[in-house]
Amino acid sequence: MKRMIYVALLRGINIGGRNKINMKELKVSFERIGMLNVITYINSGNIIFEDSVHSETEIVQLLEAVIMEDFSIEIKVLIRSLNQFQQVMNRLPEDWVNDKTMKSDVLFLWDEIDDEMNLDQFIIRPEIDTVFYVPGAILWSVSRENASKSGLNRIVSKKIYKQITIRNVNTVRKIFSMMNEFELNA
């Protein structure tokens, strides 16, 4: 099997004092089960690594099991290969930012709900929300002045929310940059 670069996006860790996981300890856990060149990025559960042995399904199962074993927390893990992440980046508008003027996020979708038809489950306010689907994700942007009126605020009440993990565009761009550095240094 070819050496692959992945990012694991953990859902719901280190939020409001819940599901606390130390990133240095998590790195050790990933290495213990055979993931290579493991690096973490910020405390919200972004882990970049390499693997050339397991299928994507096997990797998810291994990671969820080791998190349960080492931290006694049931966490859903979503992985994306560098190629899959590249597809999202190709569609992410360059002028989207996450700053004082704009809130822009990438909603990464679990495979079970990875379908453009699922946009119908969200409250999208076309006059303020800019939203579109790309395989594996929904891209969402709103001006900060309208952020409180955005349909994105209502996503937590939707059943589909449990099959999504959200990262702001600044985090997504940094993860992609780090994944590309892996590729260049291989």
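The values are calculated or read from the model by the stated rules, or taken from the named source; none is laboratory data. Source: prediction; values computed, not measured. All Cβ positions, even for glycine, are placed from backbone atoms using ideal geometry, and neighbour counts span all protein chains on display. Surface accessibility is based on the protein's heavy atoms, side chains included, excluding ligands, DNA and RNA. Shrake-Rupley method; radii C 1.70, N 1.55, O 1.52, S 1.80 Å.
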To the nearest 10 degrees, the tilt of helix 169-184 (Cα long axis) against the first principal axis of the alpha carbons of the chain is 30
Between the Cα axis of helix 23-32 and the main Cα principal axis of the chain, the angle (0 to 90°, nearest 10) is 50
Mean projected area, convex hull of alpha-carbon positions in region 45-167, reported to one decimal in nm², is 8.8
When the charge dipole of the chain is computed with +1 on Lys and Arg Cβ and -1 on Asp and Glu Cβ about the Cα centre, the Cα farthest towards its positive end, among Met102, Ile175, Asn185, belongs to Met102
Kirkwood Rh for region 43-116 from C-alpha pairs, in Å, is 14.8
Cα-based Rg/(2.2 N^0.38 Å) for region 2-97, rounded to two decimals, is 1.10
In degrees, nearest 10, the alpha-carbon axis of helix 82-91 is tilted away from the dominant principal axis of the alpha carbons of the chain by 10
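Counting other Cβ atoms within 10 Å, which trypsin sites (Lys or Arg not before Pro) in region 118-186 have at most 15 and lie in a DSSP loop? Working shown, then result.
On the way: sites: Arg144, Lys149, Arg154, Lys158, Lys159, Lys162, Arg167, Arg173, Lys174; in loops: Lys158.
Answer in residue order: Lys158.
Expressed as a whole percentage, what fraction of the accessible surface of the chain belongs to carbon and sulfur atoms when a 1.4 Å probe is rolled over the protein heavy atoms? Could you put the intermediate results ahead of the total?
Values: 4750 of 9730 Å².
C and S atoms contribute 49 percent here.
If the only charges are +1 at each Lys and Arg Cβ and -1 at each Asp and Glu Cβ, what is the size of the charge dipole of region 1-54 around the Cα centre, to the nearest 20 debye? Mind showing how you got there, number by number?
Working: 8 positive and 4 negative charges, 28 e Å.
Its charge dipole is roughly 140 debye.
Heavy-atom accessible area per residue, the chain, 1.4 Å probe: how many Å²? Kindly include the intermediate steps, with their values, before the conclusion.
Numbers: 9730 Å² over 186 residues.
On a per-residue basis, 52 Å².
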So, for the Cα atoms of region 120-186, Rg and Dmax in Å stand at 14.7, 45
Cα-based Rg/(2.2 N^0.38 Å) for region 104-156, rounded to two decimals, is 1.08
Treating only Lys and Arg (+1) and Asp and Glu (-1) as charged, each at its beta carbon, one finds that the chain has a dipole about its Cα centre, in Debye to the nearest 20, of 640
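What GluC sites (Glu not before Pro) in region 31-119 are in a loop by DSSP, with at most 10 other Cβ atoms within 10 Å of the Cβ? Write out the running numbers ahead of the final one.
Working: sites: Glu31, Glu50, Glu56, Glu58, Glu64, Glu69, Glu74, Glu94, Glu112, Glu116; in loops: Glu74, Glu94.
Loop-located and lightly packed - Glu74, Glu94.
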